[in-house]
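The next block holds one structure in the form of structure tokens; read it before the comments.
Coordinate-derived values only; no laboratory data. Keep in mind it's a predicted model, so treat the numbers as computed, not measured. No Cβ is skipped: glycine too gets one built from the backbone with ideal geometry, and neighbour counts run over all protein chains shown.
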Amino acid sequence: MRNLLEFLTKYNYWFVFLLLEIISFVLLFRFNSYQGSVWFSSANAVTGQIYAWNADVESFFSLIKVNEQLTMRNVRLENQVNKLSKSLADLTHDTTVVERNELALLNQYKLIPAKVISNSLDKVDNYITIDKGIEDGVKSEMGVACGNGVVGIVYMASEHYSLVIPILNLKSNISCSIKGRRYFGYLHWSGGRSDEAYLSDIPRHAFFKKGDEIETSGYSAVFPSGILVGKVTQIFNSSDGLTYRLRISLSTDFGNLRDVCVIKDASSSERIQLLKVAQDSLKVGKQN
Amino acid sequence: MTINLFKRALFFVILCLAQVLVLNHIHILNCATPLLYVYFVILFPRDVKRWGILLWCFFMGLVMDTFSNTPGVASASMTFAALIQPSILTLFLHEDSPDDLKPSFKTIGVAPFIRFAVIIVVTYNLVFFSLESFNFFNWIQLLECVGGSTVLTILLIFAIESIRKK
């Protein structure tokens, strides 16, 4: 007995070591399934606050570049709106139709402006932390976009901060379509460069060319249709030869991301509920 | 004793802030990031209890994980580095070294200290990047990351040690 006790006291650090390693591995493997794990991410109150201070300082120095980008984008959009509203007025002989449509679209979606307070590009699973949380109306599964295009999807939200899965994460999976041609596939990232992603499952009979713009399809309940994602730069065959796989150069500059918007879709909860009901009824059908 | 504890806590906070706010943003060639917080393991004196080193380093890893969203990766590798630190340190000591020796250029010499630091940093980086790339295995990238980060970390530690000497 005394020998045993002596042994234990002499090698106590081995037990401490094992215990700590077990805790670490539990954290490592349960991060995705365990809801409370938001406390061990950069969206918790303390880390969030420190990152927010840091982001305040940094954003001050990048204001000029952001301004330039926004102005460019504004000019482009204004041109587009002018052209479209002109052609629409020509066709319908009604000058108020554009305003009415716009109001109807904006009613459905609510935008929550947020600031990026931490961001990474070099990992396999990158995450973005933003400074809006449950109290500001952010919930998990909401879409996040910036002035230049899609950013990602909210993964976990704490009181004042939330963790976003950007396109640059192996878990990310966003339904997208080719602008003007309507064929859709899903967007995913496979590591490596932070300005490229891949669009898979485009059918073989689809017709498109390099340089076509990619936008969100609106089929998932997360993003409304028509948010810019990027441009096609290269076309590959998928490994099974049944579909095309497109390389996309992303329009969002993830290395220089400051201001984003969380998209709150009023109708999405209804859609999700409908999907759940459909899945449940399918399950019941199978059991019978 | 209390002063030592306070000093270590202060060092802990400074290292954390430097790593999180500055060094984590450095990615040379998309892989090499200086991981200066390993310096924390290297500096533990000989007379600190082994379970104490383990606990301190585990918490350092946990804080790093929380900030960079890599749950468990840094804490597991820091704990491992803390386990081997005392055994490796004894390899570089003479018989007449004092019991409360704190590893630095002055106490064990420049070359042995660098060798000691390299062993710890390489081991740490190997464990860290292997765990991080668990589901995304790519030998060449793994070795690049380990090599690049080790070089940067050692350079930083060398620079800081040289300043401290004076």
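Which whole-Hz couplings ³J(HN,Hα) result when phi for each residue of region A:115-128 is put into the Karplus expression 6.51 cos²θ - 1.76 cosθ + 1.60, θ = phi - 60°, listed in order with x for Gly and Pro?
Going residue by residue, I get 10, 6, 10, 8, 7, 9, 10, 8, 8, 7, 10, 7, 10, 10 Hz, with x marking Gly and Pro.
Hey, what angle do you get for helix A:268-287 against the long axis of chain A, alpha-carbon based, 0 to 90 degrees rounded to 10?
Tilt of helix A:268-287: around 70 degrees.
How shielded is A:44-56 by partner chains, expressed as the average number of their Cβ atoms within 10 Å of its Cβ atoms?
On the way: counts 2, 0, 3, 6, 0, 0, 5, 3, 0, 1, 5, 0, 0.
Other-chain Cβ atoms within 10 Å of each residue's Cβ, averaged: 2.
Under the rule of -39500 (n - 2.57) per DSSP H run of 4 or more residues, summed and divided by the residues of chain A, what mean residue ellipticity at 222 nm is obtained, to the nearest 500 deg cm²/dmol? Kindly include the intermediate steps, with their values, before the conclusion.
Numbers: 6 runs with 107 residues, N = 288.
Counting only the DSSP helices, I get -12500 deg cm²/dmol.
Taking the highest mean first, how do the peptides B:75-88, B:99-112 order by number of other beta carbon atoms within 10 angstrom per residue? Present the calculation step by step, with values, prior to reporting the outcome.
Values: B:75-88: 22.6, B:99-112: 14.3.
Final packing ranking: B:75-88, B:99-112.
Which of A:Phe223, B:Phe129 has the fewest other C-beta atoms within 10 Å, and how do the rest follow up to the most?
Values: A:Phe223 26, B:Phe129 20.
With the fewest neighbours first, A:Phe223, B:Phe129 line up as B:Phe129, A:Phe223.
Using only Cα atoms, tell me the angle between helix A:45-61 and the longest principal axis of chain A; keep it within 0 to 90° and round to the nearest 10.
For A:45-61 against chain A, the angle is about 50 degrees.
Hey, any idea what the orientation-averaged projected area of the convex hull of region B:1-140's Cα atoms comes to, in nm²? Don't skip to the end; give the middle numbers.
On the way: hull surface 36.9 nm².
For region B:1-140, averaging the hull's shadow over all directions gives 9.2 nm².
In µm²/s, what is D for region A:214-283 at 20 °C and 1.002 mPa s, where D = kT/(6 pi eta Rh) by Stokes-Einstein and Rh is the Kirkwood radius from Cα pairs?
Values: Rh = 15.2 Å.
Rounded, D is 141 µm²/s.
What lysines sit close enough to A:Lys276 to cross-link, taking a C-alpha to C-alpha distance under 19 Å and skipping anything fewer than 8 places away on the same chain?
Counting by Cα, and skipping residues close in sequence, A:Lys276 has these lysines nearby: A:Lys139, A:Lys286.
Taking the 0 to 90 degree range and rounding to the nearest ten, how far is the long axis of helix A:97-108 tilted relative to the main principal axis of chain A, both from C-alpha atoms?
Result, in degrees: 20.
Place the peptides A:47-55, A:83-91, A:22-30 in order of packing, highest mean first, counting for every residue the other Cβ atoms within 10 Å and averaging per peptide. Walk me through the numbers on the way to the answer.
Numbers: A:47-55: 18.4, A:83-91: 11.6, A:22-30: 16.3.
Ranking, from highest mean packing down: A:47-55, A:22-30, A:83-91.
Pairs A:Lys110/A:Lys171; B:Lys7/B:Lys49; A:Lys171/A:Lys209; A:Lys65/A:Lys179: which exceed 20 Å Cα-Cα? Intermediate values should be presented prior to the final figure.
Numbers: A:Lys110/A:Lys171 26 Å; B:Lys7/B:Lys49 17 Å; A:Lys171/A:Lys209 28 Å; A:Lys65/A:Lys179 28 Å.
Beyond 20 Å between Cα atoms: A:Lys110/A:Lys171; A:Lys171/A:Lys209; A:Lys65/A:Lys179.
Tell me, what are the semi-axes, in whole angstrom and largest first, of the equivalent ellipsoid of region A:120-209 as set by the roots of 5 times the Cα gyration tensor eigenvalues? If you can, show how the numbers build up before the last one.
Values: eigenvalues 151, 47, 20 Å².
Ellipsoid half-lengths, sorted descending, are 27, 15, 10 Å.
So how far, in whole Å, is the C-alpha centre of region B:84-145 from the one of region A:185-200?
37
Could you tell me the calculated FRET efficiency between B:Lys106 and A:Glu6, based on Cβ-Cβ distance and R0 = 25 angstrom, to the nearest 0.05? Please report the intermediate quantities before stating the final value.
Details: r = 37 Å, r/R0 = 1.47.
Efficiency, rounded to the nearest 0.05: 0.10.
Given contacts defined as C-alpha pairs under 8 Å and at least six residues apart, what's the relative contact order of chain A, whole-number percent? Let's see the in-between values first.
On the way: 488 pairs, mean separation 45.6, N = 288.
RCO, chain A: 16 percent.
So what is the relative contact order of chain B, in percent, for Cα pairs below 8 Å that sit 6 or more residues apart? Write out the running numbers ahead of the final one.
Details: 178 pairs, mean separation 45.0, N = 166.
Answer for chain B is 27 percent.
For the protein assembly as shown, list log₁₀ I(q)/I(0) at each q in 0.05, 0.07 Å⁻¹, using the Debye formula over Cα point scatterers of equal strength and ignoring solvent, two decimals each.
-0.25, -0.46
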